[in-house]
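A short write-up of the structure that comes next.
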Amino acid sequence: MVALTFDDGPSLRDTGRLLDLLAEEDVTVTFLVLGTQVASGREELLKRAFDEGHEIGNHSYSHAIFTGLKADEIRNELEKTNDLIESVTGSRPTIMRPPTGAYNDDVVSVCSDLGLAVINWSWQSCPEDWNHHDNPDHIAEHVIANAQNGHIVLLHDTNEASVNAMPRMIAGLKERGFRFMTVSQMLSFLGEDHPQPGQVYHYMTLPSS
C-alpha cells in the first residue's frame, strides 16, 4: 500500500483535473491544503475532494515556516485552517503537514493539543516534482522506482507536471501491485489509535505478528 499526498492546493488550474483522473482510476489520496488557497475562492474544489472520499489535512494558513514561529503563532496558523476546512467540509482535520516538513517541540506540542498528527514523507519525492516542471515522465518514474510498502509520497497539486505525471504514475504503481490509501487509512493498519495526535509519521511499518 502507498499514500499519495498533495501539498499547497487547492489549485484552480490543476486540482480539478487531478480529481477527474483520481475518480476515473478509483484512487484515493490525501490533500494537505493551505488556508489562503481555500479562502481565495477555492472552497468548491475542497468540498469536491472531500465528497469524493479524499482525506483533507492542514498545511498551515500562509505556508509560514513553523520552526521560526512562536507556539501561539503556530496555533493560530493551524486553528484558522482547521476552522476553514471544517466550515467547508463539515469535518475537522486530524492530520497536518508543516511547511517544508520543518518541526520542533513547539509544533509537536501544539499539534497534540489540537488533535493533529504530524505527517511528513518517506523519501524525497520532492524536489523531483519541483525540479522537473517540463518532465512529468521523470516524476512518474522516480515515484514508481522508489515507492515501497507503507510509504507516504510527497507531491504538489499546484505543479502542472506532477498532475500530468499521474496517469503514468498510477499505472506503474498498480503494475507493481500497490493499493492506494489515504494517510489515515494506511496508518490505521498500525492499530486503531493511529494516527495519534502529536506523533510524527514518515511511513507506515506493519506491526510484528
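The values are calculated or read from the model by the stated rules, or taken from the named source; none is laboratory data. Fair warning: this is a prediction, and the values are worked out from it, not measured in the lab. As a convention, Cβ positions derive from the backbone with ideal geometry for all residues, glycine included, and neighbour counts pool all protein chains shown.
So Ser60 clears everything in (1) part of a loop (DSSP other than H, G, I, E, B); (2) in contact with a helix residue (DSSP H, G or I) (Cβ under 8 Å, 6 or more places away or on another chain); (3) on the phi < 0 side of the Ramachandran plot except one condition, right? Which one?
(3)
Could you list, in sequence order, all residues of the range 188-201 that are of a type outside the set (Gly, Ala, Ser) and modelled with pLDDT of 95 or more?
To start, the set of residues in the range 188-201 that are of a type outside the set (Gly, Ala, Ser) comprises 189-190, 192-197, 199-201.
Once the filter is applied, which keeps residues that are of a type outside the set (Gly, Ala, Ser) and modelled with pLDDT of 95 or more, the range 188-201 yields Pro195, Gln196, Pro197, Gln199, Val200, Tyr201.
If you go through the range 6-55, how many residues are of a type in the set (Asp, Glu) and on the phi > 0 side of the Ramachandran plot? Show your work before the answer.
Initial filter on the range 6-55 (of a type in the set (Asp, Glu)): 7-8, 14, 20, 24-26, 43-44, 51-52, 55.
Those left that are additionally on the phi > 0 side of the Ramachandran plot: 8, 26.
Adding up the residues that qualify gives 2.
Taking the stated definitions as given, is Asp26 free of Cβ contacts under 8 Å to residues at least 12 places away in the same chain and closer than 17 Å to Arg179 by Cβ? Please lay out each step first, then the result.
Values: free of Cβ contacts under 8 Å to residues at least 12 places away in the same chain: yes; closer than 17 Å to Arg179 by Cβ: yes.
Spelling it out, Asp26 is indeed free of Cβ contacts under 8 Å to residues at least 12 places away in the same chain and closer than 17 Å to Arg179 by Cβ.
Can you say whether Ser60 is under 18 Å from Ala117 (Cα atoms) and polar (S, T, N, Q), as far as the supplied structure shows? Walk me through how you get there before you give the answer.
Details: under 18 Å from Ala117 (Cα atoms): yes; polar (S, T, N, Q): yes.
When the stated conditions are applied, Ser60 passes them.
Is there any pair linking a residue in the range 34-48 that is without any contact (Cβ under 8 Å) to a residue 24 or more places away in the chain to one that is not in a loop (DSSP other than H, G, I, E, B), with Cβ under 9 Å and at least six apart or on different chains, and which?
Glu44/Val88
Conditions tested, residue by residue: (1) among the small types (Gly, Ala, Ser); (2) closer than 21 Å to Leu34 by Cα; (3) buried (at least 17 other Cβ atoms within 10 Å of the Cβ).
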site	(1), (2), (3)
Ile139	no, no, yes
Asn146	no, no, no
Gly150	yes, no, yes
Val153	no, yes, yes
Asn159	no, yes, yes
Ala165	yes, no, yes
Phe189	no, no, no
Asp193	no, no, no
Val200	no, yes, no
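Ile170 fails exactly one of the following numbered conditions: (1) buried (at least 19 other Cβ atoms within 10 Å of the Cβ); (2) within 20 Å of Asp8 (Cβ to Cβ). What is the number of that condition?
Looking at each condition in turn, Ile170 falls short on (2).
Which of the residues that make up the range 64-117 are in contact (Cβ under 8 Å) with a residue 60 or more places away in the chain, under 27 Å from Gly53 (Cα atoms) and either surrounded by 22 or more Cβ atoms within 10 Å (Cβ to Cβ) or touching a Ser or Thr at 6+ places or on another chain (Cβ under 8 Å) (or both)?
Result: Thr94, Ile95, Met96, Arg97, Cys111, Gly115, Leu116, Ala117.
Residue by residue through the range 8-54, note down the ones that are of a type in the set (A, V, I, L, M, F, W, C), in a loop (DSSP other than H, G, I, E, B) and crowded, with 22+ Cβ neighbours inside 10 Å.
Val29, Leu34
Please go through the range 63-88 and give me each residue that is hydroxyl-bearing (Ser, Thr, Tyr) and over 14 Å from Leu32 (Cβ atoms), ordered by number. It would help to see each step written out before you state the result.
Residues of the range 63-88 hydroxyl-bearing (Ser, Thr, Tyr): 67, 81, 87.
Passing the criteria: Thr67, Ser87.
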